[in-house]
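One structure below.
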Amino acid sequence: MKIAKTFYPVILIPDGDSYLVKVPDMDIETEGKDINDALEMARDAIELKGVTLENLGKAIPEPSDKFSFVVALGETLTEVGADFNAYRRSIDL
């Protein structure tokens with residue numbers, strides 16, 4: 001049985017009035033207009049990348065331990081939950 005959500009470490013970097021988001025395990029970056037939007041954009045990007053990798057027959061990377069990351073002053077390290085099965089259902093209409 002697959003676990004419903006997988007939590008990936010993300011780094012939030014203030015950028016003027018918005019936030020840059022890095023997801024090192026998935027090798028992706030995105031951005032949001034505020035923290036909530038940035039986290040939502042990160043979730044969407046993680047799920048899209050995961051489903052795309054599966055479609056290509058590749059494995060979805062396992063999340064790293066968030067405590068293995070060092071962030072700069074002003075940056076925030078948190079986690080975002082991704083549900084690849086739910087995302088796939090939402091796009092496979």
Original post:
Counting only protein heavy atoms, what percent of the accessible surface of region 1-91 is carbon or sulfur at a 1.4 Å probe?
Top reply: 54 percent
Original post:
For the chain, what is the mean residue ellipticity at 222 nm derived from helices alone (per DSSP H run of n ≥ 4: -39500 (n - 2.57); sum divided by total residues; nearest 500 deg cm²/dmol)?
Top reply: -10000 deg cm²/dmol
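Could you work out the relative contact order of the chain, using alpha carbon pairs under 8 angstrom and six or more residues apart, expressed as a whole percent?
It comes to 37 percent, rounded to a whole number.
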Subject >> Residue-normalised accessible area of region 1-45, expressed per residue, 1.4 Å probe, Å² >> reply: 62 Å²
Original post:
Taking Lys22 as the anchor, which lysines have their alpha carbon closer than 16 Å to its alpha carbon, excluding any fewer than eight residues away along the same chain?
Top reply: Lys33, Lys49, Lys66
Original post:
Just one of (1) 85; (2) 99; (3) 115 is volume of the Cα convex hull per residue in Å³ as worked out from the coordinates here. Which one is it?
Top reply: (2)
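Dipole of the chain, Cα-centred, from +1 at each Lys and Arg C-beta and -1 at each Asp and Glu C-beta, to the nearest 20 debye? List each step's numbers first, then the result.
Working: 10 positive and 18 negative charges, 85 e Å.
The calculated dipole for the chain is roughly 400 debye.
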**OP:** Give the peptides 26-36, 63-73, 79-89 in descending order of average Cβ contacts within 10 Å, highest first.
**Re:** 79-89, 26-36, 63-73
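The values are calculated or read from the model by the stated rules, or taken from the named source; none is laboratory data. Note that the coordinates shown come from a computational prediction; the quantities given were computed from them, not determined experimentally. In this analysis, Cβ positions are derived from the backbone assuming ideal geometry, glycine residues included, and neighbour counts consider all displayed protein chains. Side chains included, ligands, DNA and RNA excluded: accessible areas come from the protein's heavy atoms. Shrake-Rupley method; radii C 1.70, N 1.55, O 1.52, S 1.80 Å.
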